[in-house]
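Heads up, the thing below is written out as structure tokens.
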Amino acid sequence: MTIEQLKSLQERLNKLRAYLAIDKRLLEIEEKEQLSLDPNFWNDAKRAETILKELKLHKAWVNSYKEVAGKIEDAAVLLEFQKEGESTEEEVNEAYLEAIEQIENAEFKSTLNQKQDELDCILEINAGAGGTESCDWSQMLLRMYTMWAEKNGYKVSLLNEVIGDVAGIKSAEIEISGDYAYGYLKGENGVHRLVRVSPFNAQGKRMTSFASVFVHPMIDDSIDININPADLEWDRFRASGAGGQHVNKTESAVRIRHIPSGITVECQEERSQHLNREKAMKMLKSRLYEQELQRQLEEKDKVEATKMKNEWGSQIRSYVLDDRWVKDLRSGYKVNNPDKVLDGELNEFLKAYLMINKREEV
């Protein structure tokens, strides 16, 4: 490690401190800790839980920054020791690499600094142009995101699924629960393009298929969304898909249409109609919340700009199986092992997009 490299690390640390608003967070921590010491703090349990959640979040960001600062300080001290002959070049370089890794991880995590980033999410997949091919591709994407979630410690629940006429699925919605689920996956909004030798074509032709992916934040109790019951239309229907005889004999599945917005949601995850009604309402509130975020961020248009037609020219990522590569068209990140990607190895794609998006914001 050279003096110039150390200065570069320290400059990145200063930018990270400003981006994370560490000084402001320290004041927030002090203020919220004082509030928590009030004897009447738990009189309003909902407010108390919200304050403690915010306190925990501020502390997590501050601790993350302090860990990076500590690694850089360690590297700086070892560099001074090396000048005096008390540490080796190898020890200094090892400390430098640790500091680099730590600050890169912190810079990546700093992309998840919006309130909604902390939330669970609903991931929706819809088959596009391509018929049976696209339905099969949609099912492959459903498997890919399910495997990504499971590998990264998230819980996955299938909320709704429409089976394809021949193979695959026409559409599906899954709930992915865990810390920063929406933050990590929000960049997946858009059209995903598959190119492969078709297993459904007798001549073995190379086919192109499309499917769209939309990701919505799943709101929790910290966000209030008021819905007028008069604005809702309710339908009950029989659930489809796996689940035994029960799904075919009772109208447990629920569909809600919010008349002012035109948003429609369906849920058939639970065996009980009552539970499906609760889940469907939560899904509707999440969609309405996202709609409000879209309105507030209209100038930036971060999400809606990617919700285009499921055909040529609108894809965000291409998966080319016979040539053995997958490429994100926004970040330029590319790998030559599509099997691993389809088995849920998505983290580098997510990181590349979030980092380039952060640089554009800055």
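The values are calculated or read from the model by the stated rules, or taken from the named source; none is laboratory data. Model, not experiment: these values are computed from the prediction. Neighbour counts are summed over all protein chains in view; Cβ atoms, including those assigned to glycine, are modelled from backbone coordinates with ideal geometry.
Tabulated data for the structure shown
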read-out: Failed item in (1) modelled with pLDDT of 85 or more; (2) surrounded by fewer than 17 Cβ atoms within 10 Å (Cβ to Cβ); (3) over 19 Å from Leu142 (Cα atoms); (4) over 20 Å from the mean Cα position of the chain (by Cα), with Ser272 passing the rest; value: (1)
read-out: Failed condition for Thr50, given (1) of a type outside the set (Asp, Glu); (2) out of contact with any Asp or Glu (no Cβ under 9 Å at 6 or more places or on another chain); (3) in a helix (DSSP H, G or I); value: (2)
read-out: Residue in region 124-140 that is under 18 Å from Tyr180 (Cβ atoms) and in a helix (DSSP H, G or I) present; value: no
read-out: Enumeration of residues in region 84-94 that are loosely packed, with under 11 Cβ neighbours inside 10 Å and in a helix (DSSP H, G or I); value: Glu90
read-out: Residue within region 105-120 that is of a type in the set (Asp, Glu), in contact with an Asp or Glu (Cβ under 6 Å, 6 or more places away or on another chain) and not in a helix (DSSP H, G or I) present; value: no
read-out: Top-ranked residue of region 266-276 - restricted to ones that are touching a strand residue (DSSP E or B) at 6+ places or on another chain (Cβ under 9 Å) and touching a residue at least 24 places away in the same chain (Cβ under 8 Å), ranked as farthest from Asn160 (Cα to Cα); value: Gln273
read-out: Top-ranked residue in region 331-362 [being touching a Ser or Thr at 6+ places or on another chain (Cβ under 9 Å) and surrounded by 18 or more Cβ atoms within 10 Å (Cβ to Cβ); ranked as modelled with the highest pLDDT]; value: Phe349
read-out: Meets criteria (in contact with a strand residue (DSSP E or B) (Cβ under 7 Å, 6 or more places away or on another chain), under 22 Å from Ser286 (Cα atoms) and surrounded by 14 or more Cβ atoms within 10 Å (Cβ to Cβ)) for Ala129; value: no
read-out: Every pair of residues 6+ apart whose Cβ atoms lie under 7 Å, when the first sits in region 208-233 and is within 12 Å of Leu284 (Cβ to Cβ) and at pLDDT 80 or above while the second is among the aromatic types (Phe, Trp, Tyr) and surrounded by fewer than 14 Cβ atoms within 10 Å (Cβ to Cβ); value: none
read-out: Pairs with Cβ under 8 Å, 6+ apart, first in region 326-342 and in the same structural domain as Leu142 (by TED's automatic domain parsing) and assigned to a loop (DSSP other than H, G, I, E, B), second modelled with pLDDT under 95 and aliphatic (A, V, I, L, M); value: Leu329/Ile316; Arg330/Ile316; Arg330/Ile356; Ser331/Ala352; Ser331/Met355; Ser331/Ile356; Gly332/Ala352; Tyr333/Ala352
read-out: Qualifying residues in region 128-155 (those that are polar (S, T, N, Q) and more than 14 Å from Leu342 (Cβ to Cβ)) - the one modelled with the lowest pLDDT; value: Thr132
read-out: Subset of region 132-148 (residues that are free of Cβ contacts under 8 Å to residues at least 60 places away in the same chain and farther than 21 Å from Arg287 by Cα); value: Cys135, Gln139
read-out: Of all residues making up region 3-27, the number that are crowded, with 17+ Cβ neighbours inside 10 Å and either over 14 Å from Ala99 (Cα atoms) or among the aromatic types (Phe, Trp, Tyr) (or both); value: 4
read-out: Filtered residue count, region 49-72, keeping only those that are over 27 Å from the mean Cα position of the chain (by Cα) and surrounded by 15 or more Cβ atoms within 10 Å (Cβ to Cβ); value: 3
read-out: Candidates Glu101, Glu73 - the one that is under 26 Å from Tyr353 (Cα atoms), charged (D, E, K, R) and either out of contact with any Asp or Glu (no Cβ under 9 Å at 6 or more places or on another chain) or modelled with pLDDT of 90 or more (or both); value: Glu101
read-out: Count - residues of region 303-317 that are buried (at least 17 other Cβ atoms within 10 Å of the Cβ), of a type outside the set (Val, Ile, Thr) and either within 20 Å of the chain's Cα centre (by Cα) or at pLDDT 95 or above (or both); value: 2
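Conditions (1) touching a Ser or Thr at 6+ places or on another chain (Cβ under 6 Å); (2) surrounded by fewer than 21 Cβ atoms within 10 Å (Cβ to Cβ); (3) closer than 25 Å to Lys327 by Cβ, marked per residue:
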site	(1), (2), (3)
Lys151	no, yes, yes
Val156	yes, yes, no
Asn160	no, no, no
Gly168	yes, no, yes
Ala172	no, no, yes
Tyr182	no, no, yes
Gly190	yes, no, yes
